[in-house]
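> One structure, as structure tokens, below. Some questions next.
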Amino acid sequence: MKLLLTYSRRGQSDPGRKPVIARIVKETGILVNVEKANIDSTAGEVLIDIPDADADLVRRCLEEMGVAVRVMEDAVTLDEAECVDCGACISICPQEVFSFDDEWRLRVSAARCVLCGKCIRACPHSALSLQG
Amino acid sequence: MEKSLDLINARIRDGSARVVTAEEMPAIVDALGEEGALEEVDVVTTGTFGAMCSSGAFFNFGHADPPIRMERVWLNDVEAYAGIAAVDAYLGATQEADTQDRVYGGAHVLEELVAGGTVELRATSHGTDCYPRRSITTDLLLEDMNQAIMLNPRNSYQRYNAATNTTDRTLSTYMGTLLPRCGNVSYSGAGTLSPLANDPNFRVIGSGVPIFLAGAEGMVVGEGTQHSSGGGFGTLMVTGDMKRMRQEFLRAAVMPGYGVTIYVGVGVPIPVLDTGIVRSTAVRDEDILTDVIDYGTPRRDRPSMAKVSYADLRSGSIDIGGEAVRTSSLSSYRRAREVARELKTWVEQGKMELTLPVRRLDPAKRAKPMRETAITPRVRDIMNRQVISIAEDEEIRAAAKRLLRGETNHLPVLAGDGTLVGIITTYDVSKAVVTDGRLRQVKDIMTRQVIKTTPDEPVDIAARKLEQNNISALPVVDATNRVVGILSAIDLGKLFGGRRRR
């Protein structure tokens, strides 16, 4: 399951100043895969992937440390009314989320998405968006 | 054996014509041989669905009361060309509105009309004795117009160059988003289904031939603009009644960072008259070759990185210099297939009979580049030839002195053999002094990835390099990487003083 973590780094005691991911791994033994991280001087946003069974525990621990957690279920969403099945997104995506089926219809493997947003900008038909 | 068009049309009328799509034809020819396929198949239908910028429509809005001679016309704030009769206008697909907060253009207006939506017409005039009115605003549906005639000056390219990008930054082009360092390849065209790939000698596709255009029955007008059949890049000018078109085959699009375009579905039915036509309609993706062009070269003549077939492109990745690069199509093969299949149904059901060209298209024409009478300014015309440079093993102090004395902010750094190896700026020197006193030599602080230009480069391209990299000077090097000048943002100002306007 993919979780999107957001936290503040403004104050010295904010969660963003602490090694939150390392602590989760150390304390729970759950292996966390960091798929994307965007951290600047005031805030951080990290996308992690963890086994579904451990999601509740990880979420609870993170929230106790002051990290906001959002479950990313669909990742990138395809608007089928707008999509013309051109495939412009296919080679843009670093995660190989997009492919064609036997009928040259665009297929989306949303579970692989790391929310980088490259496909959203590249789609000539504005058919892709992020959930929420 | 040959087959006459009359025979084929008689079969279409009585419902006995055998119609196949261009995708099905190669296997039929394999199984039956050319003579057998000629006997078996009467019509091959083709199709393509992709971005076709050179598209648009003529409208006649009818006369208002009091009447107006429209001089400028906007449809949903997108300007249409009104330099024709009083209430006629031509709306081009790529024209963009200047008052919308999103990218919106002629293509969106065309799609909106075909989808049955309302479009706001706004027009102005200076007023005449016969047309006194000076302005008008009204809402129109497609059905309110007397005519809405799509006329696309250039559609249905025979084949198209594929695109890649060898530079270090992402490019936004009419071939879509091109990732840096050959990160991807984009291509366009339906390969085996492409209308002109199935008649490369223009034997049966020509003026007057009926076609599928965006869901309506249309017609080939003649050769398209920039028709270059001699090099394998033939094009068609096509027309059709917009009132009969369908949105699924006419879709507005925005190439990110480039602009508005429109996706159009075009299909041409090909009568199978002889074995020559059998052979040309048996074309496979493997047989249609194209070049992968480096769009990182901002010039008209761009280098080819590889020669590939449409089969290679459609496999999902191709080889460029020993590395597998993923491919993306900009046109939709699925919709191209739908075009060819729907056209097949039309012919099978007797809705469309075929015609031979009333005038054939030139199969050997070549498009020319533009004749330019004004000389394009080159870097050598405005660069500063008095270059102050420094050797890479000199002390930073020496660099600081030279910058001060030369009243410049940029010092090209040279190796022992005189070639360019780096550049330093006053900022680099100041930073070195403040941050780390141990740095001694120029080579410790210089930028090694130098963005540079050549004397021959057009000034427009050099100016774009300055702008995109947010820098203020470019060393000018010759073929041996020796510095022959420096071009600064200030030098660009020389152009504005002269006759050249921008």
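The values are calculated or read from the model by the stated rules, or taken from the named source; none is laboratory data. Because the structure is a prediction, the values reported are computed rather than measured. Every residue, glycine as well, gets a Cβ built from its backbone with ideal geometry; the counts of neighbours run over all protein chains shown.
> Looking at region B:340-363 only, could you name the residues that are in a loop (DSSP other than H, G, I, E, B) and among the basic types (Lys, Arg)?
Scanning region B:340-363 gives B:Lys351, B:Arg360.
> Look through B:Ala107, B:Ala93, B:Ala57, B:Ala85 and report the one residue that is farther than 24 Å from B:Glu248 by Cα and either in contact with a strand residue (DSSP E or B) (Cβ under 9 Å, 6 or more places away or on another chain) or not hydrophobic (A, V, I, L, M, F, W, C) (or both).
Being farther than 24 Å from B:Glu248 by Cα and either in contact with a strand residue (DSSP E or B) (Cβ under 9 Å, 6 or more places away or on another chain) or not hydrophobic (A, V, I, L, M, F, W, C) (or both) holds for just one of B:Ala107, B:Ala93, B:Ala57, B:Ala85, which is B:Ala85.
> Continuing with this model, one more query. Restricting to region A:64-89, give me the number of residues that are within 18 Å of the chain's Cα centre (by Cα) and facing another protein chain (nearest Cβ under 9 Å). Working first, answer last.
The initial filter retains those residues of region A:64-89 that are within 18 Å of the chain's Cα centre (by Cα), namely A:67-78, A:89.
So of that shortlist, the ones also facing another protein chain (nearest Cβ under 9 Å) come out as A:89.
Number satisfying all stated conditions: 1.
> May I ask you to list the residues in region B:339-356 that are more than 14 Å from every other protein chain (Cβ to nearest Cβ) and either among the β-branched types (Val, Ile, Thr) or farther than 21 Å from B:Ala214 by Cα (or both)?
Correct list: B:Thr345, B:Val347, B:Thr355, B:Leu356.
> While we're here: Out of the residues in region B:316-340 that are over 21 Å from A:Ala122 (Cα atoms) and crowded, with 17+ Cβ neighbours inside 10 Å, state the one that is modelled with the lowest pLDDT.
Checking each candidate, the answer is B:Ile320.
> Would you mind telling me which numbered condition in (1) outside the structural domain of A:Arg23 (by TED's automatic domain parsing); (2) over 26 Å from B:Arg251 (Cα atoms); (3) small (Gly, Ala, Ser) A:Ser109 fails?
(2)
> Then there's this: In region B:291-338, which residues are assigned to a strand (DSSP E or B), within 14 Å of another protein chain (Cβ to nearest Cβ) and of a type in the set (Asp, Glu)?
B:Glu323 - this is the single residue of region B:291-338 that is assigned to a strand (DSSP E or B), within 14 Å of another protein chain (Cβ to nearest Cβ) and of a type in the set (Asp, Glu).
> Right, here's the next one. Quickly run through region A:105-122 and pick out the residues that are surrounded by 17 or more Cβ atoms within 10 Å (Cβ to Cβ) and over 19 Å from the mean Cα position of the chain (by Cα).
Scanning region A:105-122 gives a single hit, A:Leu106.
> Among the listed residues B:Gly189, B:Gly183, identify the single one that is assigned to a loop (DSSP other than H, G, I, E, B), under 21 Å from B:Val44 (Cα atoms) and either within 14 Å of chain A (Cβ to nearest Cβ) or small (Gly, Ala, Ser) (or both).
Exactly one of B:Gly189, B:Gly183 is assigned to a loop (DSSP other than H, G, I, E, B), under 21 Å from B:Val44 (Cα atoms) and either within 14 Å of chain A (Cβ to nearest Cβ) or small (Gly, Ala, Ser) (or both), namely B:Gly189.
> Identify the residue in region B:243-258 that is surrounded by 23 or more Cβ atoms within 10 Å (Cβ to Cβ) and among the hydrophobic types (A, V, I, L, M, F, W, C) and, among all such residues, is nearest to the other protein chains (Cβ to nearest Cβ).
The selected residue is B:Ala253.
Listed here are the residues, each with its yes/no results for (1) within 14 Å of chain A (Cβ to nearest Cβ); (2) touching a His at 6+ places or on another chain (Cβ under 6 Å); (3) assigned to a strand (DSSP E or B).
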{"position": "B:Phe202", "(1), (2), (3)": "no, no, no"}
{"position": "B:Ile205", "(1), (2), (3)": "no, no, no"}
{"position": "B:Val238", "(1), (2), (3)": "no, no, yes"}
{"position": "B:Val260", "(1), (2), (3)": "yes, no, yes"}
{"position": "B:Gly265", "(1), (2), (3)": "yes, no, yes"}
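> I would also like to ask the following. Is one or more of the residues making up region B:221-230 within 14 Å of chain A (Cβ to nearest Cβ) and part of a strand (DSSP E or B)?
No: region B:221-230 contains no residue that is within 14 Å of chain A (Cβ to nearest Cβ) and part of a strand (DSSP E or B).
> Now a separate question. Those residues that are over 30 Å from B:Arg18 (Cβ atoms), assigned to a loop (DSSP other than H, G, I, E, B) and touching a residue at least 24 places away in the same chain (Cβ under 8 Å), I need them from region B:37-69; list them, please.
Residues satisfying the conditions are B:Met52, B:Cys53, B:Ser54, B:Ser55, B:Phe61, B:Gly62, B:His63, B:Ala64, B:Pro66, B:Pro67, B:Arg69.
> Do you know which residues across region A:107-126 are at negative phi, in contact (Cβ under 8 Å) with a residue 24 or more places away in the chain and within 10 Å of chain B (Cβ to nearest Cβ)?
Within region A:107-126, A:Lys118, A:Cys119, A:Ile120, A:Ala122, A:Cys123, A:Pro124, A:His125 qualify.
> Still on this structure, please answer the following. Does at least one position in region B:186-203 carry a residue that is closer than 25 Å to B:Asn469 by Cβ, free of Cβ contacts under 8 Å to residues at least 40 places away in the same chain and among the polar types (S, T, N, Q)?
no
> Evaluate the following for B:Ile388: is it away from chain A (no Cβ under 14 Å), outside any helix (DSSP H, G or I) and either touching a residue at least 40 places away in the same chain (Cβ under 8 Å) or over 29 Å from the mean Cα position of the chain (by Cα) (or both)?
yes
> As an exercise: evaluate B:Gln158 against (1) modelled with pLDDT of 95 or more; (2) more than 14 Å from every other protein chain (Cβ to nearest Cβ); (3) buried (at least 19 other Cβ atoms within 10 Å of the Cβ); (4) within 15 Å of the chain's Cα centre (by Cα) and give the number of the one condition it does not meet.
(1)
> Looking only at region B:131-155, which residues are crowded, with 23+ Cβ neighbours inside 10 Å and either at positive phi or over 18 Å from the mean Cα position of the chain (by Cα) (or both)? Full working, then the answer.
Step one: of region B:131-155, the residues crowded, with 23+ Cβ neighbours inside 10 Å are B:148, B:150, B:152, B:155.
Scanning region B:131-155 gives B:Ala148, B:Met150.
> Continuing with the same structure: Check B:Leu487, B:Leu466 and return the single one that is closer than 18 Å to B:Arg385 by Cβ, crowded, with 16+ Cβ neighbours inside 10 Å, in the same structural domain as B:Glu395 (by TED's automatic domain parsing) and of a type outside the set (Asp, Glu).
Every option except B:Leu487 fails the conditions.
> Report the residue count in region B:421-459 for those that are over 39 Å from the mean Cα position of the chain (by Cα), closer than 30 Å to B:Pro298 by Cβ and in a helix (DSSP H, G or I).
3
> Could you look through region B:341-373, keep only residues that are among the aliphatic types (A, V, I, L, M) and buried (at least 19 other Cβ atoms within 10 Å of the Cβ), and pick out the one that is nearest to B:Glu223 (Cα to Cα)?
Only one residue fits best here, namely B:Leu361.
> Identify the single condition in (1) more than 14 Å from chain A (Cβ to nearest Cβ); (2) in contact with a Pro (Cβ under 9 Å, 6 or more places away or on another chain); (3) assigned to a helix (DSSP H, G or I) that B:Thr166 does not satisfy, given that it satisfies every other one.
(3) is the only condition that B:Thr166 fails.
> Just for region A:92-106: of the residues that are part of a loop (DSSP other than H, G, I, E, B) and of a type outside the set (D, E, K, R), which one is nearest to the other protein chains (Cβ to nearest Cβ)?
A:Trp104
> Okay, moving on. Spot the failing condition for B:Pro455; the list is (1) more than 18 Å from B:Asp393 (Cα to Cα); (2) touching an Asp or Glu at 6+ places or on another chain (Cβ under 9 Å); (3) crowded, with 20+ Cβ neighbours inside 10 Å, and only one is missed.
Every condition holds for B:Pro455 apart from (3).
> Continuing with this model, one more query. Filter region B:57-81 down to the residues that are crowded, with 22+ Cβ neighbours inside 10 Å and within 26 Å of B:Val264 (Cα to Cα) and list them by number.
B:Ala57, B:Phe59, B:Phe61, B:Val73, B:Trp74, B:Leu75, B:Val78, B:Ala80
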